[in-house]
Amino acid sequence: MRTVAVTKIGSLRDPDELTRGRIGVVQFPDQILGPEDVRIRVAFAAICGSDPHLAEGYFGTDVPIGLGHELSGIVEALGEAAHRNGLRIGDRVAGNFLRFCGTCTACRAGSQQFCEYIQDYNRPGMAETVTWHESQVYKLPDSVSLREGCLLEPTSVAVRIADKTHIRVGDRVAICGGGPIGQLALQVMKMNGATSLTLIEPIADRRQMALRHGADVVIDPIAEDQQARSDEITDGRGFDIVIDASGSPRAVHGLLEIAAKGATVIYGAMYPHDFEMPLNLSDYLYLKGLTLTGVFVSPYAFPRALQILPYLDLDELTQTVFDLDDATEAFAVHVSGKHPKVLIQCNDIDDVGDAS
């Protein structure tokens, strides 16, 4: 089957063509359909901000590296025992690219994200088909199109971020980074009663997008004094919740300054593996009493992400679409940052559930 894959390790942003990473469409073997498996004919697969990290050799995998974990499609085949969730051939679905084993110490202790066998079932979905265990697959509501449905996985990340903030109605919230996760987290935090909801983002189009989707205020961290603007927005109190969705080493440290005393600061992105942030424990953990935490995948979040998907405004995140054969160009557009999200159409499927 045709699959989008990293074919050469290297940064996709490298100006030198000889050392630049490469993305191409290659032939991968069809995935075996086990008795509890579901084969999905993929409609749309979205490019995630983590995908270029795979091209950089972030996880040390040999090429070709199959890509794709944000996807939607229709059920094409079911294993003989894959009927516990009531799935039927032809159902419109999306899902979790990770299969949690359910039997290791972490899974049994309620920490699926640290499943000891989390890589055993890692199957790339930016392809003509993908075969997942039935526990990974969720039927889409009729009101959610396949194009929107491929955002179930990033929506689950936004839900997981909200979970870890322990937000209370009325909490003042700042989000750094106006990419897809930042924009989705903004909508989810608005649902949860956030006030003084602020997006910090250097790209003007992304700031305007946030204002259309519920932000009360936006800050340009390059042209404005981030600390002064935050004091102005919060009357000098700081934000009760600060979320980083940028993954930028240049941005993350300053977020501690705009957090209120006793605030929660969530580092909700993927960071360079060798990046170390200086932290004055006396200032931030003792005197300010901050809670600092991160996010690694989205255990237990998918059912609720599915519930809120029809309530999110996803149009601007699903406008830019390339065909599977044009995946190389799609990734070039993605790394340019000119579009909030880039989708790859892996098959032309009639979407009878398309709300539009």
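The values are calculated or read from the model by the stated rules, or taken from the named source; none is laboratory data. Keep in mind that this is a model prediction, so the values were computed, not measured. With ideal geometry, Cβ positions are generated from the backbone for all residues, glycine too; neighbour counts draw on all protein chains shown. When the accessible area is computed, the model is the full protein with side chains, heavy atoms only, and any ligands, DNA or RNA have been set aside. Shrake-Rupley method; radii C 1.70, N 1.55, O 1.52, S 1.80 Å.
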(request) Please name all residue pairs, on different chains or six or more residues apart, with Cβ atoms under 7 Å, provided the first residue is in segment 288-311 and is within 14 Å of ALA162 (Cα to Cα) and touching a residue at least 60 places away in the same chain (Cβ under 8 Å) and the second residue is of a type in the set (Gly, Ala, Ser) and assigned to a helix (DSSP H, G or I). (result) SER298/SER156; ALA301/SER156; PHE302/SER156; ALA305/SER156
(request) Give the number of residues within segment 163-187 that are assigned to a helix (DSSP H, G or I) and either crowded, with 24+ Cβ neighbours inside 10 Å or basic (Lys, Arg) (or both). (result) 9
(request) Identify the single condition in (1) touching a Lys or Arg at 6+ places or on another chain (Cβ under 9 Å); (2) assigned to a helix (DSSP H, G or I) that ARG237 does not satisfy, given that it satisfies every other one. (result) (2)
(request) Considering only segment 62-100, state which residues are hydrophobic (A, V, I, L, M, F, W, C), crowded, with 19+ Cβ neighbours inside 10 Å and part of a loop (DSSP other than H, G, I, E, B). (result) LEU67, ALA82, PHE97, LEU98, PHE100
(request) Sort through THR103, THR3 and tell me the only one that's free of Cβ contacts under 8 Å to residues at least 40 places away in the same chain and either surrounded by fewer than 21 Cβ atoms within 10 Å (Cβ to Cβ) or more than 18 Å from the chain's Cα centre (by Cα) (or both). (result) THR103
(message) Restricting to segment 194-212, give me the number of residues that are assigned to a loop (DSSP other than H, G, I, E, B) and either open to solvent by less than 20 Å² (accessible area, probe 1.4 Å) or acidic (Asp, Glu) (or both).
(response) 2
(message) Cβ-Cβ distance below 8 Å, separation of 6 or more or different chains: which pairs start in segment 263-275 with a residue that is at negative phi and end on one that is basic (Lys, Arg) and assigned to a loop (DSSP other than H, G, I, E, B)?
(response) ALA263/LYS288
(request) Could you please find all residues in segment 312-324 being touching a residue at least 24 places away in the same chain (Cβ under 8 Å) and either open to solvent by 30 Å² or more (accessible area, probe 1.4 Å) or in contact with a helix residue (DSSP H, G or I) (Cβ under 8 Å, 6 or more places away or on another chain) (or both)? (result) LEU312, ASP313, LEU314, GLU316, LEU317, THR318, VAL321
(request) Just give me the residues in segment 334-344 being of a type outside the set (D, E, K, R), under 25 Å from ARG41 (Cβ atoms) and either open to solvent by less than 30 Å² (accessible area, probe 1.4 Å) or more than 18 Å from the chain's Cα centre (by Cα) (or both), in sequence order. (result) VAL342, LEU343, ILE344
(request) Tell me which residues, restricted to segment 28-56, are over 15 Å from ARG123 (Cβ atoms) and surrounded by fewer than 17 Cβ atoms within 10 Å (Cβ to Cβ). (result) PRO35, SER50
